[in-house]
Amino acid sequence: MSELYDIIIVGGGPAGLAAGIYGSRSRLKTVILQKGSPGGQAATTEELENYPGFPRGTKGPELMKAMADHAISFGTEILNEEVVDLDLDGEIKVVKTRSGKEYQSKIVILAPGASPRTLNIKGEQEFRGKGVSYCATCDADFFEDLDVVVVGNGDAAIEEAIYLTKFAETVTIIVIHDEGILDCNKVSAEKAFANPKIKWVWNSVLEEIQGDGIVERVLIKNIKTGEISELETNGVFFFVGTVPNTEFLKGKVKLDDRGYIITNDKMETSVPGVYAAGDARVKYLRQVITAASDGAIAAFAAEKYLAEEETFKEQVLKAEKPVMVAFWSPQVEESIAAIAKLESIAGKFGESVKLVKVDTYRNQRVASRYGIKEIPSLLLFNRGEAIAKIAGSLNEEMIVPYLNALITTE
Amino acid sequence: MIEVDKTNFEDEVLKAEGLVVVDFWSPKCEPCKELMPHVAKLAEKYQGKAKFCKLDTAANRRLAISQKVLGLPTIAFYKNGEKVAELTQEVTVEDVEAKLNELV
Ligand SMILES: Cc1cc2nc3c(=O)[nH]c(=O)nc-3n(C[C@H](O)[C@H](O)[C@H](O)COP(=O)(O)OP(=O)(O)OC[C@H]3O[C@@H](n4cnc5c(N)ncnc54)[C@H](O)[C@@H]3O)c2cc1C
């Protein structure tokens, strides 16, 4: 078992690294568990677009190295570990890795990102690493002066195809749409149309990849005519979207039916103390900037959570004397009056009773943990245990007998 | 690990007797650079049982393709000059060692 961390981050892409920066900067003991080297998908693209302040020409691997160095400079540990199992239910979370180690923490931030989607075309699996690739940066230099095919026509596909023209002799893009229609942004589309090394096959899908040990040709099917044509090529690059790396999270946190982690806008998952960030969660735009943003929010929310939990523990659960925990909200007039009443009651008991106020507008977690539905409500604690709940309008006659009983049994 | 290229691949690998492990890598391949030190440790551990080589595919593209290597990282196992097994992409050092134990 490891020492106790404040925050364990699973995944060291932009989401995990940003969470690391925010976490360790708040002086929380923060570790990133990352399978292989950090950087994520962003480190697999040479031409990184759209990250503000880093115009065209910024290289993905370089930006990600800078993010990792930034996190490390504030004290984030980055360990080469693949997470295979987690126990998230308790107050202390346990994270298990393929190497057989166990790490424990108070908070877990899940940032496992996504992997390239496969189409399971005939030959796709067989020729993986034999001409079939999902990463231009990794494999482009093999294809100097050779011919390659790109499948897909979104931002990633077209931008990676343009990058491939720096190496390959020709880059043939297979597009399912009518001539001239691409799913990518206009700037990249115009750049691609103007590139003499790029050739287009419209209204078509890849049917099969063939070869003897390595890719030698592909079969392309025209979806309008049903006609199948053969094209000689040395490589096939797939950029047809991604799937979340959340297989290991099934049954641990709530996922949607496509496997993305469900969070609220504080990045809280269905499990208290567990957050998610980046491409692996349900969201609208999957880019480096939104991944980093998620990571920042998750770590910030986690810090607040830890502080609130710590305060509650100190003031209520570890208290030596009876504690009245009052749940109120600035929007509920009645609860403000109730607080005043409780203050006066507490005053009468002097040192022997303590009053702790929980603003449910800011902190709903404690309220929901104790099943508080009505505001105002009062919970009486003795030696860390909730022994009575009084919901709705609070009056002295109801509360005082309880307190008297508690104090006399001391 | 022995550095092999087009000038010595034939002698060191294809004409070699026994088990030869070739780590195909390139300076641009981050996963390759991550894996290599672990493979180097295996080279020490299995000294005398297998020969370990590394081949920079960026500088020896044609040679790599002639060995039907078109993706990185690739770890290829040769026995008496013939390729008998290969691991490619998402390779872990555990996979490499398991394959080694199968072949030595
Ligand atoms: C080819 C391509 C080009 C792109 N181009 C751009 C672009 O130009 N601009 C842009 O803004 N965005 C671009 N994107 C999108 C961008 O890369 C992603 O949105 C971003 O990287 C998501 O970050 P993330 O941290 O959520 O996940 P990822 O980047 O996927 O990182 C997740 C990390 O977690 C690790 N991991 C997963 N499971 C585990 C586990 N069980 N244990 C340990 N570690 C684990 C993975 O190895 C990975 O390193 C591109 C994506 C691709 C594929």
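The values are calculated or read from the model by the stated rules, or taken from the named source; none is laboratory data. What you are looking at is a predicted structure, and each value in this text was computed from that prediction instead of being measured. For neighbour counting, all protein chains shown are included, and Cβ atoms are generated from backbone atoms with ideal geometry for every residue, glycine included. The area values use the complete protein model at the heavy-atom level, side chains included, leaving out ligands, DNA and RNA. Shrake-Rupley method; radii C 1.70, N 1.55, O 1.52, S 1.80 Å.
Just a few scattered comments:
- Of all DSSP beta bridges in the protein assembly as shown, antiparallel share, percent nearest 5: 50 percent
- Isolated cysteines of chain B, defined as having no other cysteine beta carbon under 4.7 Å away, are B:Cys53.
- A:Ile92 accessible area, 1.4 Å probe, all protein chains in place, Å² to nearest 10: 70 Å²
- Per-residue [θ]222 nm for chain A (sum of -39500 (n - 2.57) over DSSP H runs n ≥ 4, rounded to 500): -8500 deg cm²/dmol
- Residue-averaged 222 nm ellipticity for chain B, from DSSP H runs of 4+ at -39500 (n - 2.57), nearest 500: -9500 deg cm²/dmol
- Relative contact order, whole percent, for chain A stands at 15, derived from Cα pairs under 8 Å and 6 or more residues apart.
- Put the Cα centre of the stretch A:279-304 next to the Cα centre of the stretch B:21-99 and the gap is 37 Å.
- Of the GluC sites (Glu not before Pro) in the stretch A:232-326, those whose Cβ has at most 12 other Cβ within 10 Å and which sit in DSSP loop: A:Glu320
- Overall form of the stretch A:107-234 per C-alpha gyration tensor (a/c, 1.5; a/b vs b/c): rounded
- Inter-part distance, the stretch A:66-132 to the stretch A:308-365, computed on C-alpha centroids, equals 41 Å.
- Relative contact order computed over chain B (Cα-Cα under 8 Å; 6+ residues apart), in percent: 36 percent
- The stretch A:15-94: C-alpha gyration tensor shape, a/c 1.5 cut-off, then a/b vs b/c: prolate
- Between B:Lys6 and A:Glu385, the C-beta separation translates, for a Förster distance of 56 Å, into a calculated FRET efficiency of about 0.15.
- By definition, a body whose alpha carbon gyration tensor gives a ≥ b ≥ c is prolate when a/c is 1.5 or more and a/b is larger than b/c, and chain A fits this prolate description.
- Of the residues in the stretch A:207-236, those shielded by at least 50 Å² of accessible area once partner protein chains are present, compared with the chain alone at a 1.4 Å probe, are A:Ile214.
- Treating r as the C-beta distance of A:Asn404 and A:Ala66 and R0 as 45 Å, the FRET efficiency rounds to 0.10.
- Sparse packing (at most 13 other Cβ atoms within 10 Å of the Cβ) combined with a DSSP loop state is found for the following GluC sites (Glu not before Pro) in the stretch B:2-104: B:Glu17, B:Glu90.
- Of the trypsin sites (Lys or Arg not before Pro) in the stretch A:315-395, those whose Cβ has at most 16 other Cβ within 10 Å and which sit in DSSP loop: A:Lys318, A:Arg362, A:Lys373, A:Arg383
- The residues A:Lys101, B:Lys51, sorted by heavy-atom accessible surface at 1.4 Å with ligands and nucleic acids left out, run A:Lys101, B:Lys51 from largest to smallest.
- Each label point was placed 7 Å from the Cα along the Cα-to-Cβ direction; for A:Glu397 and A:Ser2 their separation is 5.8 nm.
- Inter-label distance for A:Ala337 and B:Gln47, nm, one decimal - labels placed 7 Å from Cα along Cα-to-Cβ: 8.6 nm
- Across the cross-link table entries A:Lys93/A:Lys250; A:Lys199/B:Lys6; A:Lys35/A:Lys65; B:Lys33/B:Lys99; A:Lys59/A:Lys254; A:Lys93/B:Lys41, which are compared at the Cα atoms, the separations over 25 Å belong to A:Lys199/B:Lys6; A:Lys59/A:Lys254; A:Lys93/B:Lys41.
- Rounded Å value of the spacing that divides the Cα centres of the stretch A:17-58 and the stretch A:213-253: 28 Å
- In the context of the full protein assembly, A:Tyr51 retains an accessible surface of approximately 50 Å², using a probe radius of 1.4 Å and ignoring ligands and nucleic acids.
- Electrostatic tally near A:Val151: other residues with Cβ closer than 15 Å to its Cβ, Lys and Arg +1, Asp and Glu -1, net -3.
- Full-extension gain in nm, A:Glu91 to A:Thr118, via 0.36 nm per residue minus C-alpha separation: 5.9 nm
- Helix A:333-349 axis, angle to chain A major axis (alpha carbon atoms, nearest 10°): 50 degrees
- Left without a cysteine partner by the 4.7 Å Cβ rule in chain A: A:Cys184.
- Segment A:Lys357-A:Arg56, length gained on full extension (0.36 nm per residue, minus Cα span): 103.1 nm
- Förster radius 30 Å - calculated FRET efficiency between A:Ala307 and A:Lys348, Cβ distance, rounded to 0.05: 0.45
- If you run the Gaussian network model on chain A, springs between alpha carbon atoms under 10 Å, then out of A:Lys65, A:Lys130, A:Lys191 the most flexible one is A:Lys191.
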